[in-house]
Structures are given as C-alpha cells and as structure tokens.
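One structure is given here, and the rest of the page talks about it.
The values are calculated or read from the model by the stated rules, or taken from the named source; none is laboratory data. Predicted, not measured: the structure shown is a model, and the values here were computed from it. Here the Cβ positions follow ideal geometry from the backbone for every residue, glycine too, while neighbour counts run over all protein chains shown.
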Amino acid sequence: MISSEICAKVLEAAVSTGADYAEIFAENSMNRTISMVSGKVDAISDGVVSGAAVRVYKGLRSVMATTVDLSGDGLVRCARKAAQALGEGKAEISVVLRDRVFPHIHPVQAVPSSVPNKEKVDILRIACQGAYAYDKRIRQVTGNFLDVDRNILIANTEGIRACDRRVRTRIAVTALADAKDGGTQTGSCSPGRRMGMELFENTVEAEAVGREAARQAVVMSEAGYCPAGVMPVAIGNGFGGVIFHEACGHSLEATSVAYGLSQFAGKLEEKIAGEKVNAYDDGTIPNSWGSLDFDDEGTPARRNVLIENGVLKSYMIDKFGSRRMGLPPTGNARRESFEYTPTSRMTNTYIGEGPDENEAIIASIDNGLYAAAMGGGSVNPTTGEFNFAVREGYLVKNGKICEPVRGASLVGRGSEVILNIDMVGKDLLLAEGMCGSSSGSIPVCVGQPMIRVSSITVGGR
C-alpha cells in the first residue's frame with residue numbers, strides 16, 4: 001500500500017518538531033451490504049474507505065491528522081500538519097523501519113468481494129425462507145448480508161511496518177410475529193466470523209439462522225409481561241455475555257481507567273467479582289468475529305486474563321493509555337477507520353466456564369427470571385450503572401423454567417452485579433456484535449456460559 005521508503009519520509013516529517021513517537025495508519029477497505037425485505041432484494045450498498053492518519057506523541061500530548069491523499073507528497077503534508085500542531089522543536093529520534101510479518105491465524109478461503117452477488121442473495125433468501133416456514137404467525141422477515149474486506153498498513157517510529165487483510169462475513173435475520181394481544185414481537189439471529197464465504201459451508205447454516213429468529217419471535221408472541229422486582233436471575237450463554245461486556249468490560253478499558261473515571265480504577269489484585277468468575281479478552285481466537293493478528297497500533301493480539309477467581313488481574317490498554325498508566329499495551333487499540341483516533345477497546349471478551357451444571361443453576365432459583373437471550377443496553381463506565389433489555393425471558397418458579405415473559409430489563413451497577421455472580425455453568429458460547437465508543441463502531445464478540453446473579457433489579461410491569 002505504501003512503500004517503506006515513503007513511510008520513513010512521512011515519519012521523519014512527523015517527528016520533525018520534537019515528537020517522541022509517530023505512526024501512520026493507512027487503509028483501503030471495501031464493504032457490501034445486501035438487504036432483503038419480504039423475500040425481495042431491497043438494496044445493495046457498496047462502501048469504500050481509503051485514507052491515512054498520522055499521529056504524533058510528545059509526553060502526554062497527542063495530535064492526529066488525516067488525509068485521503070495516499071501519494072508520498074500527500075502523506076508528508078499530512079505529517080507536517082500534525083508536527084506543526086504539536087509545536088516547535090527539533091527532531092529528537094531517528095526512523096529505522098523493518099517490515100514485520102505477524103502470524104496469520106485467521107485464514108480465508110473465499111473472499112466475499114470475489115463472489116457474485118447472486119450467491120450471497122441465494123444464501124440470504126434461504127435464511128429468510130427458513131423464518132417464514134417456521135410458523136404461520138411470522139408476518140415479515142428482513143435479512144442482511146454483510147461482507148468486509150479491510151486492508152491496513154501500520155508503520156511507526158518503534159520500527160514496525162506491517163500490513164494486514166481483515167475479511168469478515170455476517171448474515172442477520174429479523175422476524176416479526178403476530179402477538180396474541182394484537183401487536184407484534186421480534187426475534188433475531190446474526191452470526192458472523194472473521195472468514196469468507198466458507199462461513200456457510202461448515203459453520204453457519206443459513207436456514208437455521210432464519211428458524212432461530214422466527215422461534216424467538218413466536219415464543220415472545222405468546223408471552224405476558226414480566227413482573228418487576230429484585231430477584232435472582234439466570235442469564236443464558238452466548239450473547240448473555242453482553243452484560244459483562246457493557247457493565248464491566250468498558251470499565252476495564254484504559255479509555256476510562258487511565259483517567260480515574262472507571263469504577264475499577266486502582267483495583268488491580270483486588271477482589272471485584274464472585275470467586276467463580278474468570279474473565280478474558282482474547283484477540284487470538286482463530287476466525288472469531290472480534291479477533292486480530294495485531295491491533296490498530298501494531299501491537300500483537302493476545303489473550304488477556306482480566307479477572308481470575310474474582311480478582312482483577314489486568315486492564316485493556318492502548319499506547320496512549322500505557323503512557324498515562326505506566327503499564328504495557330495489551331493489544332487492544334482499535335478504531336473504526338483511519339478517521340478515528342484509536343483507543344483501548346475489547347476484542348472477544350467473555351466469562352470462562354465454571355463448575356456448575358445448567359440444571360443446578362435453574363434448580364437453585366425459587367422465584368426469579370431466566371434471561372435466555374439478551375438485547376441491547378447502555379452503561380455509564382464511570383459509575384457502572386447499566387440497563388439491558390431481555391430479548392427472550394422466562395419466569396422461574398420452584399426451580400423450573402415456566403412461562404415466557406416480555407418487557408423485562410436488567411438494571412444495576414457493574415461493580416455490584418459481578419460480585420453477585422455466584423454460579424457459573426459449563427456451556428461457554430461466543431456471540432457476535434458491534435460495539436460503539438469514542439473510536440467508532442468495531443466488531444467484537446461477547447460470551448459466557450449460563451450464569452446466576454443472586455440478586456439484581458428486574459424491570460417490568
């Protein structure tokens with residue numbers, strides 16, 4: 001994308017006024033979305049992102065400039081603007097680049113951009129038909145097929161020049177079912193991986209995606225409203241891990257920790273969770289949706305132990321956070337595109353397997369809720385206060401799963417709810433999503449086995 005010679009010239013211009021660190025982040029990315037409504041193709045959207053960012057540090061000062069001119073002259077001009085914004089001074093470091101090849105642990109067999117749209121439309125149609133065929137109460141089905149081919153280059157004054165190609169493929173189906181009270185209820189399913197069209201050969205069955213979306217919608221169409229109150233809650237595996245991601249994960253990112261704005265700032269080696277809780281952020285899981293070979297600053301991806309037996313062991317740290325905290329980067333610097341300044345973000349973040357059987361978790365609840373599938377939510381990383389919708393929920397009475405309920409939400413504070421996790425199951429599952437923060441929207445995985453929260457506020461009627 002950009003030769004070593006040009007990268008060196010750009011970095012030399014970037015440090016010309018005294019910066020102690022400089023980097024180039026360049027990308028040429030393509031993405032395509034195919035949308036289907038009621039069995040017909042509604043839209044095909046193509047997007048191209050091409051440009052570069054030059055960032056410079058001096059101590060705890062940081063400046064970034066961007067350009068869409070990827071010529072040598074255009075990049076040098078961009079670097080000089082960043083250098084000028086940093087201030088006046090003389091170059092204090094020299095630039096010596098060495099190409100680095102990182103282990104590529106996410107093989108792609110069939111790049112989606114090389115596959116005709118008809119093949120993608122056929123897969124999407126099978127998924128949508130699977131939803132319609134599930135039950136006559138399904139009123140409408142929408143589907144989306146997304147593929148991304150992202151090519152990036154990173155070069156910095158630490159001597160690294162590296163390139164990466166990040167291919168991701170995802171399918172999503174949403175089904176609407178007529179509810180017994182005259183309204184409608186929705187269900188959704190949206191698996192994806194860091195792989196190509198081979199996703200549909202042995203990992204994801206398109207028809208099953210549609211059936212799962214329809215199943216959720218039909219179950220919720222028969223549901224009454226959830227009662228409100230403080231009660232024990234069992235949270236299902238997979239996307240149930242969004243509660244840890246939002247309520248605790250963001251509070252372990254240097255973005256908030258480095259400024260003392262996190263509920264977990266200054267608590268390394270302290271007990272912050274139930275003793276059965278072991279939590280990880282692992283960017284090295286092969287072909288996982290949130291995985292990386294290296295992060296958006298050139299730091300190798302790795303498996304970070306965040307919590308071990310309830311004790312806080314690590315934060316997620318980018319280079320700038322590293323400077324403020326005096327701790328090494330952890331491979332978590334991420335950005336949506338060259339237009340965003342990278343910050344510490346999660347990759348594949350999950351609670352590990354525990355010692356409990358799912359049957360025992362449910363049997364331990366006399367009067368509570370089983371949140372089989374979680375929806376979206378929000379959190380304040382400073383206070384840890386969160387609010388999450390339950391997409392599929394059931395009342396639990398006398399240790400048995402009973403009737404489905406809708407309108408449920410989980411409300412609380414991350415530092416409290418994680419201490420109240422007292423049972424952890426064995427059926428670990430990861431689920432895909434998009435996470436939005438100050439550096440844009442990025443692909444991440446959340447996950448967990450079934451867990452029990454001994455006491456949490458459930459919103460309802």
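Candidates Glu23, Glu27: the one that is modelled with pLDDT of 95 or more, within 16 Å of Gly159 (Cβ to Cβ) and either out of contact with any Asp or Glu (no Cβ under 8 Å at 6 or more places or on another chain) or not aliphatic (A, V, I, L, M) (or both) is Glu23.
When the stretch 292-328 is filtered for residues that are out of contact with any Pro (no Cβ under 6 Å at 6 or more places or on another chain) and of a type in the set (Ser, Thr, Tyr), the ones remaining, listed by number, are Ser314, Tyr315.
Annotation note: Cβ proximity below 8 Å between a residue of the stretch 257-278 that is touching a residue at least 12 places away in the same chain (Cβ under 8 Å) and a residue that is of a type in the set (Asp, Glu) and in a loop (DSSP other than H, G, I, E, B) (sequence gap 6+ or interchain) occurs for Lys276/Asp356. Looking only at residues of the stretch 380-409 that are of a type in the set (Lys, Arg) and touching a strand residue (DSSP E or B) at 6+ places or on another chain (Cβ under 7 Å), we find that the one that is surrounded by the fewest Cβ atoms within 10 Å (Cβ to Cβ) is Lys397.
Number of residues in the stretch 293-306 that are without any contact (Cβ under 8 Å) to a residue 60 or more places away in the chain and more than 19 Å from Gly51 (Cα to Cα): the value is 7. When the stretch 430-454 is limited to residues that are in contact with a helix residue (DSSP H, G or I) (Cβ under 9 Å, 6 or more places away or on another chain) and either among the polar types (S, T, N, Q) or free of Cβ contacts under 8 Å to residues at least 24 places away in the same chain (or both), the one that is nearest to Asn420 (Cα to Cα) turns out to be Gln448.
For (1) more than 30 Å from Ile362 (Cα to Cα); (2) in a helix (DSSP H, G or I); (3) modelled with pLDDT of 95 or more, each residue gets a yes or a no:
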site: Ala214; (1), (2), (3): no, yes, yes
site: Phe244; (1), (2), (3): no, yes, no
site: Val277; (1), (2), (3): no, no, yes
site: Pro286; (1), (2), (3): yes, no, yes
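Residue pairs whose Cβ atoms lie under 7 Å apart, separated by 6 or more positions or on different chains, with the first residue in the stretch 57-84 and closer than 15 Å to Phe25 by Cα and the second among the acidic types (Asp, Glu), are Tyr57/Asp20; Thr66/Glu339. Per the listing Lys118, Lys180, Lys136, the residue uniquely at pLDDT 95 or above and surrounded by fewer than 17 Cβ atoms within 10 Å (Cβ to Cβ) is Lys118.
Yes or no, residue by residue, for (1) surrounded by fewer than 23 Cβ atoms within 10 Å (Cβ to Cβ); (2) more than 19 Å from the chain's Cα centre (by Cα):
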site: Glu207; (1), (2): yes, yes
site: Ala223; (1), (2): yes, yes
site: Gly236; (1), (2): no, no
site: Thr255; (1), (2): no, no
site: Gly274; (1), (2): yes, yes
site: Tyr280; (1), (2): yes, no
site: Gly290; (1), (2): no, no
site: Asp295; (1), (2): no, no
site: Asn309; (1), (2): yes, yes
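Among the residues of the stretch 55-69, those identified as buried (at least 18 other Cβ atoms within 10 Å of the Cβ) and either at pLDDT below 95 or of a type in the set (A, V, I, L, M) (or both) are Val56, Val63, Met64, Ala65. The residue pairs whose first member lies in the stretch 369-390 and is on the phi < 0 side of the Ramachandran plot, whose second member is in a loop (DSSP other than H, G, I, E, B) and of a type in the set (A, V, I, L, M, F, W, C), and whose beta carbons are closer than 6 Å, counting only pairs six or more residues apart or on different chains, are Thr382/Leu261; Val390/Ala408. Would you point out the residue of the stretch 143-158, among those that are among the polar types (S, T, N, Q) and in a strand (DSSP E or B), that is nearest to Thr186 (Cα to Cα)? If we take residues in the stretch 143-158 being among the polar types (S, T, N, Q) and in a strand (DSSP E or B), then Asn144 is nearest to Thr186 (Cα to Cα).
A single entry from Gln129, Gln140 fulfils the requirement of being assigned to a strand (DSSP E or B), of a type in the set (S, T, N, Q) and over 22 Å from the mean Cα position of the chain (by Cα): Gln140. Considering Gly412, Gly377, the condition of being crowded, with 18+ Cβ neighbours inside 10 Å, part of a strand (DSSP E or B), modelled with pLDDT under 95 and in contact with a helix residue (DSSP H, G or I) (Cβ under 6 Å, 6 or more places away or on another chain) is satisfied by Gly377 alone. Determine whether the stretch 168-188 contains at least one residue that is within 30 Å of Asp295 (Cα to Cα), in a loop (DSSP other than H, G, I, E, B) and of a type outside the set (Asp, Glu). Checking the stretch 168-188: not a single residue is within 30 Å of Asp295 (Cα to Cα), in a loop (DSSP other than H, G, I, E, B) and of a type outside the set (Asp, Glu).
The set of residues in the stretch 70-99 that are touching a Gly at 6+ places or on another chain (Cβ under 8 Å) and either at pLDDT 95 or above or more than 14 Å from Val10 (Cα to Cα) (or both) comprises Leu70, Leu86, Gly87, Glu88, Gly89, Lys90, Glu92, Arg98. Checking every residue in the stretch 288-299 against the condition of being β-branched (Val, Ile, Thr) and under 23 Å from Met450 (Cα atoms) gives zero matches.
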